[in-house]
Every structure is written in C-alpha cells, then in structure tokens.
Amino acid sequence: MKLSCPRNGRARAVFLLLLSMMLSVGWDLRGIPQRFESVTNDRLNELRAEIARYDDLYFRQGKSEITDAEYDRLKREFQTLEQAQPGFVQSDQSVGDDRSGRFPTYVHRERMLSLDKIYTESEWRAFYAKLTTQLGRTDLVFVVEPKYDGLAISLTYEQGRLVRAVTRGNGVEGDDVTVNVRTIRDLPRELRADDGRPIPRFVELRGEIYIDDVEFARINAEREATGEEPFAHPRNLAAGTLKFADPAEVAQRRLSIALYGWGAWEGAPAPQSEVVFLGQVHAWRLPGVTGLRIARTSDEVWSAIKTIERERASLGFPIDGVVVKLDDAAWRTRMGANDHAPHWAVAYKFEAQRAVTRLRAITLQIGRTGVLTPVAEFEPVELGGAVITRATLHNRDEIVRRDIRVGDFIEVEKAGEIIPAVTGVQLARRPPDAKTFVFPDRCPSCETALVAKSGEAAIRCPNAHCPAQRQRRLEHFVSDQAVNINGFGSATIDALLKAGLVQSPADFYRLRREELLGIDGIGEKTANRLLAEVERSKHAELWRFIHGLSIPQVGATTAKELAKKYRDLATLARAGEKALAVSFGPSVAASVSEFFARPENQADITALLAAGVQPQ
Ligand code: IVH
C-alpha cells in the first residue's frame with residue numbers, strides 16, 4: 001500500500017486527519033508509521049513556523065497577512081496533528097505574546113489568561129454539559145457578551161487613581177503603555193465612589209482597547225484620500241496605534257475601551273459576579289461592555305449567541321465572536337482554569353463569510369498621488385448579504401506571494417474585515433490557460449516609467465500631469481472629504497477633462513454656463529445647479545481647500561492643523577520647510593514645501609484666489 005501525502009493545503013489536512021484517525025483506532029499501519037510520522041512532523045514544523053510568523057507579525061507589528069479564519073484553521077490543524085502524535089504531551093498552550101520590545105514591561109499581579117474557542121452549536125452543548133456535570137447542577141446564570149475585537153489591556157487603579165495600563169503580553173508580563181492609554185478621552189483617571197461602596201486599595205481592571213466603526217471609517221477615508229492603503233482590520237489598527245512611540249500620535253486616533261473583568265482586587269470585597277462588577281464599573285463612570293445578555297439554560301445561551309451575531313453589524317464596534325461566562329464568582333472559582341484559559345468561560349468565534357469565484361481580470365487603479373493598486377475583478381458572488389465583484393490585491397508583491405493568476409478560482413472572505421479580501425487560490429482547480437499577471441513597468445494612463453521606492457511595496461507613477469491622477473485629484477477636490485461641490489460625479493469630471501475645460505481645481509471657478517451646456521447630458525437646470533454649487537463652495541473652510549489640493553501626506557487631520565496654524569492659503573504656500581518641520585515633522589514639511597515649490601501648484605493657488613475663493 002502506497003500512501004502519498006497531497007501537497008495542496010486542504011487535501012493534505014484531510015489526508016493527515018484521516019491518517020491520524022486510523023492510527024487512533026488502532027489500524028494496522030505497519031510499514032506506514034514511519035512515513036506518516038515524518039509527513040506529520042514535516043507538516044507540524046511547517047505549521048509551527050507559519051503560526052509563529054503570523055503571531056510575530058500580529059502581536060509585535062500589529063499587522064496581519066491572513067484573515068482570522070485562516071489563522072484559526074492553521075491553529076486547529078496544528079492542534080489536531082499534534083494531539084495525534086505518538087507520545088503527545090500537551091504543549092505549552094500559550095496565550096500569544098504582544099510584547100514589542102519598545103516599551104518597559106510590567107508583571108501583572110494576577111495572570112491574564114485567554115479563552116478557549118468554539119465554533120459550532122454542538123461544541124457549545126458539549127461545553128455546557130461538561131460545566132453542569134462538573135458543578136453538579138443546572139440552575140446556573142450565564143452572561144453572554146460581545147467579544148470585542150481589539151487588544152486586551154489591564155488597568156491598575158491604586159487608591160482610586162489610574163497608575164498603569166499594561167497589555168496582556170505573554171499573560172505574565174506585558175508592555176507598559178500607560179502614556180498611550182491616558183490619551184483615551186472616555187477613560188477617567190480617578191474613580192469616583194458615589195455609590196457609597198469603598199474604593200479598593202489596588203485593583204486590576206481588564207478590558208479591550210478597540211477602534212469603533214465610525215473612527216475606523218474616518219481613518220480609512222482619510223487614507224484612501226491620500227492614496228495610502230486603507231487598513232483592512234480595525235483590530236490591527238487599534239493594536240498598532242496603542243504601540244505608537246509618541247502619545248501625541250496616539251491621540252490623533254480615537255481609541256475606545258470596554259471593561260469586561262478583573263484581576264487582583266485588594267482592600268475591598270471583590271465583586272461576587274459579572275453583573276455586580278459591571279454595576280460597579282458603571283458607578284465609577286468607567287466604560288463597561290455593552291450589549292450583554294443574561295441566560296439561564298443551554299438553549300437561552302445559544303439563542304443569545306445568535307442574537308448577538310445578528311446584531312453584529314449594528315453594534316457600532318468590531319466583534320469577532322461572543323463570550324459566554326458563568327456570572328457567579330464562586331462558581332468560577334470552583335471551575336478553575338488551566339495555564340491558558342479559565343474553565344468557566346468560552347469564546348464562540350464567528351465563521352468567516354467565504355465564497356469561491358473566478359478571477360476574470362486584474363486591473364490597476366491609479367490613486368491621486370500616483371500609487372497603483374492592483375484590483376481583483378471576479379465573477380459576481382454573494383458575501384454577507386451583498387454581491388461583490390472586486391477586492392483589492394494591495395500591491396504587486398501580494399500577487400506574486402500568493403501566486404494569483406487570471407482565470408483562477410479564488411477564495412474571497414469577509415470576516416472582521418469590512419473590506420473583502422482574496423484569501424486563497426484553489427490550485428487544484430487551476431485551468432491550464434490561467435495567466436500570470438505581468439505588472440506593467442509603465443503607467444497604463446500616461447506611459448511614464450513606474451517607480452518603486454526602496455523598502456516600500458507601493459509602485460507609483462511619478463508624473464504629476466498623469467491624466468488618471470489628474471482625474472482622481474479633481475474628483476477628490478469636489479468630494480465631501482474636501483471642498484464638497486455637489487453634482488460633479490466622475491463621469492462629469494471625465495467629460496470636462498476631455499473637453500479641456502477643467503485641468504486643475506481653480507478651473508472649476510472659471511467654468512461658464514455655455515461651456516457646461518456644451519457637455520453631453522448637462523441641460524439648463526443642471527448647469528445652473530452646478531454653477532450655484534461652485535459659487536457656494538468659495539466659502540468652504542480653509543482645511544477643505546488644503547485637503548483638496550492632494551498634497552502627498554496631507555490627510556484631513558493634518559490639513560486641519562495646517563489651517564489652524566497658517567490661516568490662509570497664501571501664507572501656507574510661503575511657509576518654509578524649516579518652519580513647517582517644527583510642528584509637522586520633517587516628512588510632512590518636505591512634502592508640503594515641495595508641493596508649493598512647483599510652479600504649476602503656485603499658479604493654481606493664485607488662480608483660486610483670483611477666482612474669488614475665500615476660505616473660512
Ligand atoms: S473575558 C480570562 N469578555 O477575548 C479571560 N474577553 O480570546 C477572560 N475579549 O483575552 C476574558 N471581549 O482580550 C472577555 N466580553 C469579553 C471580551 C473578551 C473581548 C477578548 C479578551 C480575551 C480574548 C480571548
């Protein structure tokens with residue numbers, strides 16, 4: 001009997017799983033074990049290395065190249081294979097490690113554990129059965145809470161004052177990020193005891209730091225507007241932000257926090273249950289978890305899980321599952337914990353929404369600062385209630401790394417990610433005529449040779465006169481992110497560009513009625529409306545004009561700061577690089593002064609002012 005292990009990921013996992021099952025039921029596999037063991041060992045080593053790499057990327061750099069669902073699959077395959085190993089001993093089930101080496105570390109007074117994860121209803125029923133059997137009763141109370149998708153944090157209050165904020169780290173010690181956590185506006189530094197209960201001498205409050213949906217959208221809109229790649233995941237953004245070296249930069253992004261538990265609690269009686277704890281947190285004016293439900297039976301818990309899953313999109317904050325915990329602290333103590341997780345709680349993780357479709361083409365999108373982004377164009381497929389046909393492929397390296405070819409069957413996923421991602425290629429189904437995508441070396445719009453900055457994945461078209469970039473810049477200028485001139489859609493702008501009527505922002509203010517009427521589809525009424533909109537926009541706020549100019553590295557936030565400091569366009573245009581660097585750092589300063597040094601940009605500012613633009 002000859003057995004060979006398939007190379008393809010999933011087939012291989014199934015093969016190994018079957019083998020491990022055969023072994024565990026005592027099949028006679030003489031002649032095979034050695035081969036099996038070496039195959040398993042190879043795969044285990046491969047998985048171990050892969051998981052370690054993703055852990056490092058995620059925990060230390062706040063990045064992730066795969067979706068959570070993919071990561072969980074790797075972990076599960078690893079655990080299954082590991083358990084099937086002859087002489088298997090439970091390995092150190094660590095909780096990960098987010099220490100970055102860039103912060104002082106601090107040892108938690110009480111360890112910070114993780115949670116065991118389940119994915120199906122039957123896994124929940126099994127958990128419930130084990131719990132009730134162990135406690136010998138079924139009259140239990142559970143709290144069912146959203147599982148916030150951010151970064152775990154432990155806050156220490158001593159004599160009612162916030163003295164420390166430490167990440168989970170390896171569970172024993174974590175990064176001391178107190179200075180950064182102090183920038184969170186909703187987090188009181190002092191506990192006010194107006195419920196009459198004594199304030200503990202020392203308390204560790206545990207919770208999650210996250211970025212809510214509105215803030216996530218705001219940051220990404222700004223990045224897209226400056227031609228930067230948007231963040232795929234709010235968790236990575238929260239984790240990355242919390243680990244910034246400069247608290248002033250942390251303060252630029254609105255981090256949020258939700259408290260869901262406690263560690264050490266000294267000098268006053270600890271809460272007797274989660275519900276009591278949350279009441280206390282509320283009395284202290286601290287933000288506790290929201291959207292929780294109380295459940296008393298296995299069925300009630302399951303329906304609460306499903307309810308929270310349905311509410312997911314409207315909660316306003318990112319979640320990747322639901323946490324079910326025993327409410328009562330005494331029962332928790334009875335259940336205990338292992339090194340990795342408590343036995344009194346479990347995390348139900350949502351499955352990623354995934355679909356398979358066929359890649360029709362890879363197109364290139366040219367941003368207004370010249371960055372070329374490859375986009376996967378695929379056959380329409382339904383994902384999470386919406387039909388999608390495109391997803392970003394991020395950059396050239398990504399296509400090569402994943403070996404994605406036009407004609408391939410690809411897997412598209414949407415998990416915590418708001419933006420769908422191409423997560424895999426079904427190599428076994430690759431058609432013989434699938435084509436490797438050749439990234440051009442010239443701009444598809446203007447033929448200028450493309451450039452790649454060393455150390456950056458982005459490929460750019462360096463030509464400031466590139467028609468595609470020009471169109472994007474004009475679209476941006478009129479968008480609600482910038483000057484907000486309603487009515488100029490991308491088709492209208494395209495037509496105005498082709499007619500030679502609008503080349504730069506100032507040209508919008510020189511448009512005449514007859515010219516507009518000469519454009520296909522623009523009649524009297526539309527022309528009047530457009531002209532009125534242009535007129536109205538002359539008094540938009542100064543930051544909107546600054547943002548609208550598409551100066552590299554100047555998003556809305558920086559534009560607002562520039563407006564506050566320089567007060568009008570002419571003064572800003574004259575500000576020297578040195579002066580700019582004092583408040584905005586060398587890189588923004590260089591970019592701004594380089595922009596205003598170009599004669600065509602100077603001419604455009606002069607023309608804007610001459611056209612009667614009076615920013616407020
Ligand atoms: S309770 C002993 N409740 O999920 C650990 N955790 O994967 C008790 N999380 O480490 C944790 N929302 O960072 C709990 N409502 C919630 C949570 C929550 C998010 C995180 C937390 C934990 C991780 C486990």
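The values are calculated or read from the model by the stated rules, or taken from the named source; none is laboratory data. This one's a predicted model, so the numbers in the text were calculated from it and none came from an experiment. With ideal geometry, Cβ positions are generated from the backbone for all residues, glycine too; neighbour counts draw on all protein chains shown. Calculation scope for accessible area: heavy atoms of the full protein, side chains included, ligands and nucleic acids excluded. Shrake-Rupley method; radii C 1.70, N 1.55, O 1.52, S 1.80 Å.
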Pairs where the first residue, in the stretch 117-128, is assigned to a strand (DSSP E or B) and the second is among the charged types (D, E, K, R), C-beta under 6 Å, 6+ apart: K117/K349
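So if I check each of A193, A217, which one is away from the ligand (no atom under 16 Å from the Cβ), assigned to a helix (DSSP H, G or I), surrounded by fewer than 20 Cβ atoms within 10 Å (Cβ to Cβ) and hydrophobic (A, V, I, L, M, F, W, C)? Can you show your working first?
Details: A193 fails: assigned to a helix (DSSP H, G or I).
Only one candidate passes the filter, namely A217.
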Before we move on, is R529 of a type in the set (K, R), under 13 Å from T369 (Cα atoms), open to solvent by 40 Å² or more (accessible area, probe 1.4 Å) and assigned to a helix (DSSP H, G or I)? no
Does R354 qualify as being open to solvent by 20 Å² or more (accessible area, probe 1.4 Å) and under 19 Å from Y128 (Cα atoms)? no
Inside the stretch 168-184, can you point out the residues that are away from the ligand (no atom under 16 Å from the Cβ) and over 21 Å from the mean Cα position of the chain (by Cα)? D176, T178, V179, R182
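Counting just the residues of the stretch 241-273 that are more than 27 Å from T333 (Cβ to Cβ) and aliphatic (A, V, I, L, M), which one comes out farthest from the ligand (Cβ to nearest atom)?
Applying the first criterion (more than 27 Å from T333 (Cβ to Cβ)) to the stretch 241-273 yields 241-256.
Keeping just the survivors that are aliphatic (A, V, I, L, M) gives 242, 245, 248, 250-251, 255.
Values: L242: 13, A245: 23, A248: 26, V250: 19, A251: 23, L255: 15 Å.
Here the residue is A248.
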Can you spot a residue in the stretch 267-276 that is more than 20 Å from P146 (Cβ to Cβ), charged (D, E, K, R) and assigned to a helix (DSSP H, G or I)? no
Restricting the stretch 164-189 to residues that are in a strand (DSSP E or B), open to solvent by 10 Å² or more (accessible area, probe 1.4 Å) and under 18 Å from G261 (Cα atoms), the one modelled with the lowest pLDDT turns out to be E173
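State whether the residues of the stretch 341-354 include one that is more than 12 Å from the ligand (Cβ to nearest atom), of a type in the set (F, W, Y) and either closer than 20 Å to K414 by Cα or modelled with pLDDT under 95 (or both).
Initially, the stretch 341-354 is screened for residues more than 12 Å from the ligand (Cβ to nearest atom), giving 350-354.
Remaining after also requiring of a type in the set (F, W, Y): 350.
Going one step further and asking which of them are either closer than 20 Å to K414 by Cα or modelled with pLDDT under 95 (or both), we end up with 350.
For the stretch 341-354, residues more than 12 Å from the ligand (Cβ to nearest atom), of a type in the set (F, W, Y) and either closer than 20 Å to K414 by Cα or modelled with pLDDT under 95 (or both): present.
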Cβ-Cβ under 7 Å, sequence separation 6+ or interchain: first residue in the stretch 283-298 and on the phi > 0 side of the Ramachandran plot, partner open to solvent by 10 Å² or more (accessible area, probe 1.4 Å). Which pairs? R285/P188; R285/R192; G291/E311; G291/L315
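What about P230, is it modelled with pLDDT of 85 or more, outside any helix (DSSP H, G or I) and more than 16 Å from the ligand (Cβ to nearest atom)?
Working: modelled with pLDDT of 85 or more: no; outside any helix (DSSP H, G or I): yes; more than 16 Å from the ligand (Cβ to nearest atom): yes.
Considered against the rule, which asks whether it is modelled with pLDDT of 85 or more, outside any helix (DSSP H, G or I) and more than 16 Å from the ligand (Cβ to nearest atom), P230 comes out as no.
Taking the condition closer than 25 Å to R312 by Cα and more than 26 Å from the chain's Cα centre (by Cα), does W331 pass? Talk me through it step by step, then tell me what you get.
Numbers: closer than 25 Å to R312 by Cα: no; more than 26 Å from the chain's Cα centre (by Cα): yes.
Spelling it out, it is not the case that W331 is closer than 25 Å to R312 by Cα and more than 26 Å from the chain's Cα centre (by Cα).
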Across the stretch 200-210, which residue is surrounded by the fewest Cβ atoms within 10 Å (Cβ to Cβ) among those that are closer than 18 Å to V166 by Cα and away from the ligand (no atom under 14 Å from the Cβ)? F202
Do any residues in the stretch 259-282 that are within 18 Å of P198 (Cβ to Cβ) have Cβ atoms under 7 Å from those of residues that are within 14 Å of the ligand (Cβ to nearest atom) and open to solvent by less than 10 Å² (accessible area, probe 1.4 Å), where the two are at least six apart or on different chains, and which pairs are they? W262/E204; W262/L205; W262/F277; A264/E204; P271/F277; V281/L259
Of the residues that make up the stretch 343-359, is at least one out of contact with any Lys or Arg (no Cβ under 6 Å at 6 or more places or on another chain) and without any contact (Cβ under 8 Å) to a residue 24 or more places away in the chain? no
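Assess whether A264 counts as being aliphatic (A, V, I, L, M), modelled with pLDDT of 95 or more and farther than 21 Å from M112 by Cβ. Break it down stepwise before answering.
Numbers: aliphatic (A, V, I, L, M): yes; modelled with pLDDT of 95 or more: yes; farther than 21 Å from M112 by Cβ: no.
Spelling it out, it is not the case that A264 is aliphatic (A, V, I, L, M), modelled with pLDDT of 95 or more and farther than 21 Å from M112 by Cβ.
Out of F437, F477, F488, F508, I need the residue that is of a type in the set (F, W, Y) and touching a strand residue (DSSP E or B) at 6+ places or on another chain (Cβ under 7 Å). Which one? Spell out the reasoning first.
On the way: F477 fails: touching a strand residue (DSSP E or B) at 6+ places or on another chain (Cβ under 7 Å); F488 fails: touching a strand residue (DSSP E or B) at 6+ places or on another chain (Cβ under 7 Å); F508 fails: touching a strand residue (DSSP E or B) at 6+ places or on another chain (Cβ under 7 Å).
Being of a type in the set (F, W, Y) and touching a strand residue (DSSP E or B) at 6+ places or on another chain (Cβ under 7 Å) holds for just one of F437, F477, F488, F508, which is F437.
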G455 passes all but one of (1) without any contact (Cβ under 8 Å) to a residue 24 or more places away in the chain; (2) open to solvent by less than 20 Å² (accessible area, probe 1.4 Å); which number fails? (2)
What tally of residues in the stretch 141-167 results from selecting those that are more than 9 Å from the ligand (Cβ to nearest atom), within 16 Å of D98 (Cβ to Cβ) and among the hydroxyl-bearing types (S, T, Y)? 2
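Has the stretch 587-603 got any residue that is of a type in the set (A, V, I, L, M, F, W, C) and assigned to a loop (DSSP other than H, G, I, E, B)?
Our first condition is that a residue be of a type in the set (A, V, I, L, M, F, W, C); within the stretch 587-603, this holds for 588-590, 592, 595-597, 603.
Within this subset, residues satisfying the condition of being assigned to a loop (DSSP other than H, G, I, E, B) are none.
No: the stretch 587-603 contains no residue that is of a type in the set (A, V, I, L, M, F, W, C) and assigned to a loop (DSSP other than H, G, I, E, B).
Within the group R402, R430, R396, which residue is more than 23 Å from the chain's Cα centre (by Cα) and either free of Cβ contacts under 8 Å to residues at least 12 places away in the same chain or open to solvent by 20 Å² or more (accessible area, probe 1.4 Å) (or both)? Don't jump to the end; show me each part of the working.
On the way: R402 fails: more than 23 Å from the chain's Cα centre (by Cα); R396 fails: more than 23 Å from the chain's Cα centre (by Cα).
Exactly one of R402, R430, R396 is more than 23 Å from the chain's Cα centre (by Cα) and either free of Cβ contacts under 8 Å to residues at least 12 places away in the same chain or open to solvent by 20 Å² or more (accessible area, probe 1.4 Å) (or both), namely R430.
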I'd like to know if the stretch 525-540 contains one or more residues that are β-branched (V, I, T) and in contact (Cβ under 8 Å) with a residue 12 or more places away in the chain. yes
Consider R161 against the criteria (1) closer than 24 Å to V203 by Cβ; (2) touching a residue at least 40 places away in the same chain (Cβ under 8 Å): it satisfies all of them except one. Which criterion is unmet? (2)
Across the stretch 283-338, the tally of residues that are within 14 Å of the ligand (Cβ to nearest atom), under 22 Å from D212 (Cα atoms) and in a loop (DSSP other than H, G, I, E, B) stands at 8
Which is under 26 Å from G160 (Cα atoms) and not aromatic (F, W, Y), of V322, V289, V301? V289
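Regarding R137, is this residue more than 24 Å from H233 (Cα to Cα), touching a strand residue (DSSP E or B) at 6+ places or on another chain (Cβ under 7 Å) and either open to solvent by 80 Å² or more (accessible area, probe 1.4 Å) or aliphatic (A, V, I, L, M) (or both)?
On the way: more than 24 Å from H233 (Cα to Cα): yes; touching a strand residue (DSSP E or B) at 6+ places or on another chain (Cβ under 7 Å): no; either open to solvent by 80 Å² or more (accessible area, probe 1.4 Å) or aliphatic (A, V, I, L, M) (or both): yes.
It is false that R137 is more than 24 Å from H233 (Cα to Cα), touching a strand residue (DSSP E or B) at 6+ places or on another chain (Cβ under 7 Å) and either open to solvent by 80 Å² or more (accessible area, probe 1.4 Å) or aliphatic (A, V, I, L, M) (or both).
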Every residue from the stretch 97-131 that is more than 16 Å from the ligand (Cβ to nearest atom) and exposed (fewer than 15 other Cβ atoms within 10 Å of the Cβ): G101, R102, P104, V107, T120, E121, S122, A126, A129, K130
